[in-house]
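Accompanying notes for the structure given below.
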Amino acid sequence: MNEEQTLRACLREPIPQIADAARYLDAAVSAHLAGQSDSADALIRLANMPAIRDWTESLWGSNSSYVLYRPVPDAPPSIPKHQRVEWRMPTATEKRRLHQRDGFHCRFCGIPLIRMEVRKRIRSAYPKALPWGRTNVTQHAAFQAMWLQYDHLLPHARGGSNDLENMLLTCAPCNYGRRDRILQEVGLIDPRTRAILCSSWDGLERFPNQSRDRALYPA
């Protein structure tokens with residue numbers, strides 16, 4: 001078996017419960033918009049599945065059995081912080097372009113994504129249904145797994161730039177699982193070689209926006 005045949009699309013295939021949780025959350029937002037807050041609350045709670053937390057924890061732990069490192073000759077070295085391109089988050093315009101391009105799906109594993117700002121809006125309305133504590137185990141499992149990240153394809157620590165060609169949307173488990181390793185070191189296929197996943201998932205962006213986040217998605 002040659003090297004190309006051993007490459008994977010993602011660190012670990014998503015479990016079916018993630019798609020179930022996405023349907024619950026989508027239905028919860030629809031219920032909220034229809035004034036059915038009790039139904040929305042119940043649906044958000046249903047999405048908080050232990051199986052999803054286990055999936056997430058299996059990927060971003062330092063001893064994950066799914067993140068298999070292999071040395072790559074001539075791989076870009078880790079660069080001292082003072083020599084790296086200045087790290088910055090994408091601007092509001094750049095974020096919109098990334099959302100439009102990647103469609104609120106992880107470019108590696110394909111699971112639906114939700115921006116932190118949207119999660120905060122929903123939590124403000126449903127604080128008991130959407131727990132978000134200081135530790136992983138006290139955070140809502142689905143929102144944790146589906147937490148949208150602006151990731152560097154070539155890691156920033158390895159010399160990656162902030163150009164949009166080097167940026168992509170990923171879920172938190174894929175981002176933190178890969179950490180600062182290049183694709184070849186963890187045996188991943190370059191996601192740019194695959195078609196971008198298209199679906200009706202909107203990242204729950206239609207949840208009413210009452211905050212400064214309007215700069216990104218004005219009403």
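What follows is calculated from the coordinates using simple rules that are stated; it is not laboratory data. Only a predicted model underlies this, so the values are computations on that prediction, with no experimental measurement involved. With ideal geometry, Cβ positions are generated from the backbone for all residues, glycine too; neighbour counts draw on all protein chains shown.
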Legend entry - In Hz, Karplus ³J(HN,Hα) per residue of the stretch 12-25 (6.51, -1.76, 1.60; θ = phi - 60°; x = Gly, Pro): 8, 5, x, 8, x, 4, 5, 5, 4, 5, 4, 5, 4, 5
Inset, instruction - Just rank MET116, MET49, MET146, fewest to most, by other beta-carbon atoms within 10 angstrom. - result: MET116, MET49, MET146
Inset, instruction - Treating cross-link reach as a plain straight distance, find the lysines whose alpha-carbon is under 17 Å from the alpha-carbon of LYS128, omitting any fewer than eight places away in the same chain. - result: LYS120
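Can you check what the net charge comes to around SER78, using other residues whose Cβ is under 15 Å from the Cβ of SER78 (Lys, Arg +1; Asp, Glu -1)?
The answer is +3.
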Legend entry - Rounded to whole Hz, the Karplus (6.51, -1.76, 1.60) HN-Hα couplings of the stretch 151-165, x for glycine and proline: 9, 8, 4, 8, x, 4, 5, 9, x, x, 8, 8, 4, 4, 5
Legend entry - Karplus-derived HN-Hα couplings along the stretch 56-61 (A = 6.51, B = -1.76, C = 1.60, θ = phi - 60°), whole Hz, x at Gly and Pro: 4, 4, 6, 9, 9, x
Legend entry - Cα-based shape type of the stretch 15-92, given that a ≥ b ≥ c are square roots of the gyration tensor eigenvalues and the cut on a/c is 1.5: oblate
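Need one word for the chain: rounded, prolate or oblate. Basis is the Cα gyration tensor (sqrt eigenvalues a ≥ b ≥ c); a/c below 1.5 gives rounded, then a/b vs b/c decides.
Prolate, since a/c reaches 1.5 and a/b exceeds b/c.
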Inset, instruction - Among the aspartates and glutamates, select those whose C-alpha is under 17 Å from the C-alpha of LYS95, and discard any that sit fewer than 8 residues away in the same chain. - result: GLU117, ASP151, ASP163, GLU165, ASP202, GLU205, ASP213
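Please rank CYS174, CYS10, fewest neighbouring Cβ atoms within 10 Å first, as an exposure proxy.
Details: CYS174 28, CYS10 23.
Ordered by Cβ neighbours within 10 Å, fewest first: CYS10, CYS174.
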Legend entry - 222 nm mean residue ellipticity, helices alone, for the chain (DSSP H n ≥ 4; -39,500 (n - 2.57); rounded to 500): -10000 deg cm²/dmol
Legend entry - Residue-count net charge about ARG206 - beta-carbon cut-off 12 Å; Lys, Arg +1, Asp, Glu -1: -2
Inset, instruction - Search the structure for amide H atoms under 5 Å from the amide H of GLN139, placed 1.01 Å from N in the peptide plane, and list their residues when 5 or more places away or on another chain. - result: GLY133
Inset, instruction - Would you pull out the residues with amide H under 5 Å of LEU148's amide H, same chain only if 5 or more places away, H placed 1.01 Å from N? - result: ILE114, ARG115, MET116
Inset, instruction - Take the alpha carbon gyration tensor of the stretch 136-206, find the square roots of its eigenvalues, order them as a ≥ b ≥ c, and report rounded if a/c is under 1.5; if not, report prolate when a/b exceeds b/c, else oblate. - result: oblate
Legend entry - 0 to 90° range, to nearest 10: angle between helix 116-125 axis and the chain longest Cα axis: 20
